[in-house]
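> Got a structure for you, written out below as structure tokens; questions coming shortly.
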Amino acid sequence: MSQATNQSWGGRFSEPTDAFVARFTASVNFDQRLARQDIQGSIAHATMLARVGVLTDDERDAIINGLSEIQGEIERGEFNWSVPLEDVHMNIEARLTEKIGITGKKLHTGRSRNDQVATDIRLFMRDEIDVIEVELTRLREGMIELADREAETIMPGFTHLQTAQPVTFGHHLLAWQEMLARDHERLLDCRKRVNVMPLGAAALAGTTYPIDRHVTAELLGFDRPSENSLDAVSDRDFAIEFTSFASILLMHLSRMSEELVLWTSAQFNFIDLPDRFCTGSSIMPQKKNPDVPELVRGKTGRVYGHLMALLTLMKSQPLAYNKDNQEDKEPLFDAVDTVRDCLKAFADMVPAIEPKKASMYEAARRGFSTATDLADYLVRKGVAFRDAHEIVGQSVAYGLKTEKDLSEMSLDELKQFSATIEQDVFEVLTLEGSVAARNHIGGTAPNQVRAAAQRAREALSALKVSA
Ligand code: ARG
């Protein structure tokens, strides 16, 4: 056999692989990231093989010791990754055989790289999902606490980015939190389908050895072995589900980022972000730029890209394994890294947001944000809503001309537009009165915001208990 032909499958080949093709088809430069999971899977596989009598206990022990040593070599950066050996699986197996001899070659009994790689990615994704969940939880906790602290802080609420009605800052933060609560559910739902074991499907049809897939599944902490060997080696739905989760999450983070960027501007002047989350300009000395939210907003694009890449990768693939699937790793790895880093940035930054309360209050006061409250007041006094709308419209036009908010007009000024208006109107025209009046579940009244924060806390800890 030629030296340049891969030892693991070179038997039927009559000429060595073209050097470029070897490099082109190799995945070791990126899939070495799966080494830990690959070894974990191999140890479980060898343990199972010994239990069903395919390997002796001595063979099993030699394999496990060899793999543990290789794990150490990799962790210490001493492992010599070889591109001619193609991928992480064959690199580790070749090293094992180098270390323990012929027994190393028995490890691959009853499995294929097809079920091996599918198992490795699922183990990897499960580990990463658990790390991501910790960051997501930390972000939600910080957001809920900030919302609770800011339950009475008044700011303008917007539609069409025009001042609409006053809301509390806490209410706004809890709106963000709701987005994240749904993301959290999606993540945990995705984890259920990640945690199914393909190992034992072998190349595509299963194996003739008397394997016990329940044993391997249990050793690896999988919920169950997969039902169908063809599906097991070809399914990458879980990767698409994860990147869908990631895309929706990043979409949410991009919305929050956009608001943070707007709010830190001199024009809004609603919040301050501590200097450690911002950078300066090399030319304009006065600048303090909200880089962290800007970058998170920007990173949304690459995550959407990975979702599209994976959907397109799987489109029209015939059963079962195809080499195309090797392309699943880089998008997934980058999606995982991006999500984790963006969540970490947000979890660190959100509790440090400093609201500029006076400025928020002033902005809410300027935009006729209690106009709806005046209309509702008139309706309570028996005016039809359409007429009330018209009356308030005229009052706003007057306010624009005289540069007065509704709450700054005298009773006589207001009475020009409707005789039904009495002294008690000022209770509803104040910002405090306006938010306090929206006093029902889901409303912006401060006591509702506090109650909602408490429910959010409880929902979050219930999730932790069930996990
Ligand atoms: N490097 C391959 C991948 O990432 C491993 C599986 C290769 N299987 C095969 N039959 N060539 O998908």
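> Assigned to a loop (DSSP other than H, G, I, E, B) and either touching a residue at least 40 places away in the same chain (Cβ under 8 Å) or among the polar types (S, T, N, Q) (or both): does that describe GLY110? Steps first, answer last, please.
Details: assigned to a loop (DSSP other than H, G, I, E, B): yes; either touching a residue at least 40 places away in the same chain (Cβ under 8 Å) or among the polar types (S, T, N, Q) (or both): yes.
Against the criterion (assigned to a loop (DSSP other than H, G, I, E, B) and either touching a residue at least 40 places away in the same chain (Cβ under 8 Å) or among the polar types (S, T, N, Q) (or both)), GLY110 qualifies.
> Within the range 269-280, count every residue that is assigned to a loop (DSSP other than H, G, I, E, B), free of Cβ contacts under 8 Å to residues at least 60 places away in the same chain and either touching an Asp or Glu at 6+ places or on another chain (Cβ under 9 Å) or crowded, with 18+ Cβ neighbours inside 10 Å (or both). Full working, then the answer.
Here is the first cut: in the range 269-280, the residues assigned to a loop (DSSP other than H, G, I, E, B) are 269-270, 273-274, 278, 280.
In the following step, the residues that additionally are free of Cβ contacts under 8 Å to residues at least 60 places away in the same chain were identified as 278, 280.
Of the ones still in play, those that are also either touching an Asp or Glu at 6+ places or on another chain (Cβ under 9 Å) or crowded, with 18+ Cβ neighbours inside 10 Å (or both) are 278.
Residues that pass the stated criteria total 1.
> For ILE63, are the conditions met, namely being buried (at least 20 other Cβ atoms within 10 Å of the Cβ) and under 19 Å from ILE102 (Cβ atoms)? Reasoning before the result, please.
Working: buried (at least 20 other Cβ atoms within 10 Å of the Cβ): yes; under 19 Å from ILE102 (Cβ atoms): yes.
When the stated conditions are applied, ILE63 passes them.
> Now a separate question. For GLY305, state whether it is over 29 Å from MET143 (Cα atoms) and more than 16 Å from the ligand (Cβ to nearest atom). Steps first, answer last, please.
On the way: over 29 Å from MET143 (Cα atoms): no; more than 16 Å from the ligand (Cβ to nearest atom): yes.
In short, no.
> Another question about this same structure. Anything in the range 193-243 that is surrounded by 19 or more Cβ atoms within 10 Å (Cβ to Cβ), away from the ligand (no atom under 16 Å from the Cβ), under 27 Å from the mean Cα position of the chain (by Cα) and not hydrophobic (A, V, I, L, M, F, W, C)? List them, or say none.
Of everything in the range 193-243, those that are surrounded by 19 or more Cβ atoms within 10 Å (Cβ to Cβ), away from the ligand (no atom under 16 Å from the Cβ), under 27 Å from the mean Cα position of the chain (by Cα) and not hydrophobic (A, V, I, L, M, F, W, C) turn out to be ASN195, PRO225, SER226, GLU241, THR243.
> Please go through the range 66-92 and give me each residue that is within 13 Å of the ligand (Cβ to nearest atom), over 30 Å from LYS192 (Cβ atoms) and part of a helix (DSSP H, G or I), ordered by number.
Across the range 66-92, the qualifying residues are VAL83, LEU85, MET90, ASN91.
> Taking GLU294 as the residue in question, decide whether it is within 25 Å of GLU133 (Cα to Cα) and in contact (Cβ under 8 Å) with a residue 24 or more places away in the chain.
Details: within 25 Å of GLU133 (Cα to Cα): yes; in contact (Cβ under 8 Å) with a residue 24 or more places away in the chain: yes.
Judged against the criteria, GLU294 is a match.
> Identify the residue in the range 166-192 that is of a type in the set (Lys, Arg) and within 13 Å of PHE245 (Cα to Cα) and, among all such residues, is nearest to the ligand (Cβ to nearest atom).
Of the range 166-192, the ones of a type in the set (Lys, Arg) are 182, 186, 191-192.
Next, only the ones that are within 13 Å of PHE245 (Cα to Cα) stay: 182, 186, 191.
Numbers: ARG182: 32, ARG186: 26, ARG191: 22 Å.
Ranking the qualifying residues of the range 166-192, first place goes to ARG191.
> May I pose another question? Please find, among MET125, MET143, MET155, the residue that is within 30 Å of MET349 (Cβ to Cβ) and within 16 Å of the ligand (Cβ to nearest atom). Steps first, please.
On the way: MET143 fails: within 16 Å of the ligand (Cβ to nearest atom); MET155 fails: within 16 Å of the ligand (Cβ to nearest atom).
The unique qualifying residue is MET125.
> Before we move on, is ARG95 more than 16 Å from the ligand (Cβ to nearest atom) and in contact with an Asp or Glu (Cβ under 9 Å, 6 or more places away or on another chain)? Write out each step before concluding.
Working: more than 16 Å from the ligand (Cβ to nearest atom): yes; in contact with an Asp or Glu (Cβ under 9 Å, 6 or more places away or on another chain): yes.
When the stated conditions are applied, ARG95 passes them.
> Can you name every residue in the range 370-385 that is among the small types (Gly, Ala, Ser) and touching a Leu at 6+ places or on another chain (Cβ under 7 Å)?
So in the range 370-385, the residues among the small types (Gly, Ala, Ser) come out as 371, 375, 382, 384.
Answer for the range 370-385, where residues must be among the small types (Gly, Ala, Ser) and touching a Leu at 6+ places or on another chain (Cβ under 7 Å): just ALA371.
> From the residues in the range 325-367 that are among the aromatic types (Phe, Trp, Tyr) and surrounded by fewer than 20 Cβ atoms within 10 Å (Cβ to Cβ), which one is nearest to TRP263 (Cα to Cα)?
Step by step, filter the range 325-367, then rank; the result is TYR361.
> Then there is this: Just the residues that are in a helix (DSSP H, G or I), among the small types (Gly, Ala, Ser) and crowded, with 16+ Cβ neighbours inside 10 Å, please, taken from the range 299-324.
First, the residues of the range 299-324 that are in a helix (DSSP H, G or I): 299-314, 323-324.
Next, from what is left, pick out any that are among the small types (Gly, Ala, Ser): 301, 305, 309.
The one that is in a helix (DSSP H, G or I), among the small types (Gly, Ala, Ser) and crowded, with 16+ Cβ neighbours inside 10 Å: ALA309.
> Still on this model: Please list, ordered by first then second residue, the pairs with beta carbon atoms under 7 Å, 6 or more apart or interchain, first in the range 140-158 and within 16 Å of MET256 (Cβ to Cβ) and in contact (Cβ under 8 Å) with a residue 40 or more places away in the chain, second surrounded by 23 or more Cβ atoms within 10 Å (Cβ to Cβ) and among the hydroxyl-bearing types (Ser, Thr, Tyr).
GLU150/THR168
For (1) assigned to a helix (DSSP H, G or I); (2) at pLDDT below 95; (3) out of contact with any helix residue (DSSP H, G or I) (no Cβ under 8 Å at 6 or more places or on another chain), each residue gets a yes or a no:
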| site | (1), (2), (3) |
| --- | --- |
| THR216 | yes, no, no |
| ALA246 | yes, no, no |
| MET251 | yes, no, no |
| ARG255 | yes, no, no |
| LEU262 | yes, no, yes |
| GLN267 | no, no, yes |
| SER282 | no, yes, yes |
| GLN286 | no, yes, yes |
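The values are calculated or read from the model by the stated rules, or taken from the named source; none is laboratory data. Here the structure is a predicted model, which is why all the values come from computation and not from measurement. So basically every Cβ, Gly included, is an ideal-geometry build from the backbone, and we count neighbours across all protein chains shown.
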